[in-house]
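Shown next, in structure tokens, is the structure this report addresses.
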């Protein structure tokens, strides 16, 4: 199947393609290796998280990886740590992650992000862009709603039918104003967790907090990353999932920010 056009109107064909997309093991390895060289985050494990992650993978469990969202580099930081950290390597080539649609429109980047497991998502700013100006407001709203449901369906299918894990930034957008506190979480992570729990026996949510030393581009290379203990499923109530993720993810963010604020020696 040829790669479909990245457009809101084309969402049916687009998400059908990504629901069936096969990742190239060779490109997966190369992509993660390159990310691991370009981005060198310092990873810290909270409590017994490292051992519990290892145990979960050993018994065939799956994860929904959740992270706070501060920078355009965040998804690449996640791509780096799953190569640099041996315990996280089962995520390589086996994780689906929603990514902003404009990245997929850059030909040199599309094959790269495709093989990181990324699936395009249309944010409100893309929906309201000039590209969709020929659609009336009702048409845009219907297409946007349908695309969001199709994205959720792809993610749920990848987790339940293909045995993949998932990564998501549950805040839904970059937190530029108040990075020390999470933005209100979007409902998507709760929906996927609850829907997937009906078919996946061993599903956990993995909270990952990031903090950068500054907003400078060079400082995006080596943020502090704190990984918390997995939140064990099954998950039945969307609101309960959001409360749990908010609590555990905030703990990881607090830990990462504490290290950034109190540690003066960095490894390069």
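The values are calculated or read from the model by the stated rules, or taken from the named source; none is laboratory data. These numbers were taken from a predicted model, which means no experiment stands behind them. A quick note on method: Cβ atoms are made from the backbone with ideal geometry, for glycine too, and the neighbour counts reach across all protein chains shown.
Below is a table of values for the structure above.
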| item | result |
| --- | --- |
| Per-region count, the stretch 3-16, residues in a helix (DSSP H, G or I) and surrounded by 18 or more Cβ atoms within 10 Å (Cβ to Cβ) | 3 |
| Residue in the stretch 144-158 that is surrounded by fewer than 22 Cβ atoms within 10 Å (Cβ to Cβ), within 19 Å of the chain's Cα centre (by Cα) and at positive phi present | no |
| Contacts under 6 angstrom Cβ, first residue in the stretch 102-127 being at pLDDT below 90, partner surrounded by fewer than 16 Cβ atoms within 10 Å (Cβ to Cβ) and part of a helix (DSSP H, G or I), 6 or more apart | 103/109; 115/27 |
| Qualifying residue in the stretch 73-88 (condition: loosely packed, with under 15 Cβ neighbours inside 10 Å and modelled with pLDDT of 90 or more) | yes |
| Condition broken by residue 179, with the remaining ones in (1) surrounded by 15 or more Cβ atoms within 10 Å (Cβ to Cβ); (2) assigned to a loop (DSSP other than H, G, I, E, B); (3) modelled with pLDDT of 95 or more satisfied | (3) |
| Residue check, residue 70 part of a loop (DSSP other than H, G, I, E, B), in contact with a strand residue (DSSP E or B) (Cβ under 9 Å, 6 or more places away or on another chain), in contact (Cβ under 8 Å) with a residue 60 or more places away in the chain and within 25 Å of residue 187 (Cα to Cα) | yes |
| Pair list, Cβ under 7 Å, 6 or more apart: the stretch 46-57 residue free of Cβ contacts under 8 Å to residues at least 40 places away in the same chain and on the phi < 0 side of the Ramachandran plot, other residue surrounded by 12 or more Cβ atoms within 10 Å (Cβ to Cβ) and assigned to a helix (DSSP H, G or I) | 54/87; 57/90 |
| Filter result for residue 195 (outside any loop (DSSP other than H, G, I, E, B), out of contact with any helix residue (DSSP H, G or I) (no Cβ under 9 Å at 6 or more places or on another chain) and touching a residue at least 12 places away in the same chain (Cβ under 8 Å)) | no |
| Unique residue being at pLDDT 95 or above, under 12 Å from residue 32 (Cβ atoms) and buried (at least 20 other Cβ atoms within 10 Å of the Cβ) when the list is 91, 63 | 91 |
| Single unsatisfied condition, residue 154 versus (1) more than 27 Å from residue 250 (Cα to Cα); (2) without any contact (Cβ under 8 Å) to a residue 24 or more places away in the chain | (2) |
| Flag for residue 68 being within 28 Å of residue 179 (Cα to Cα) and either surrounded by fewer than 22 Cβ atoms within 10 Å (Cβ to Cβ) or under 18 Å from the mean Cα position of the chain (by Cα) (or both) | yes |
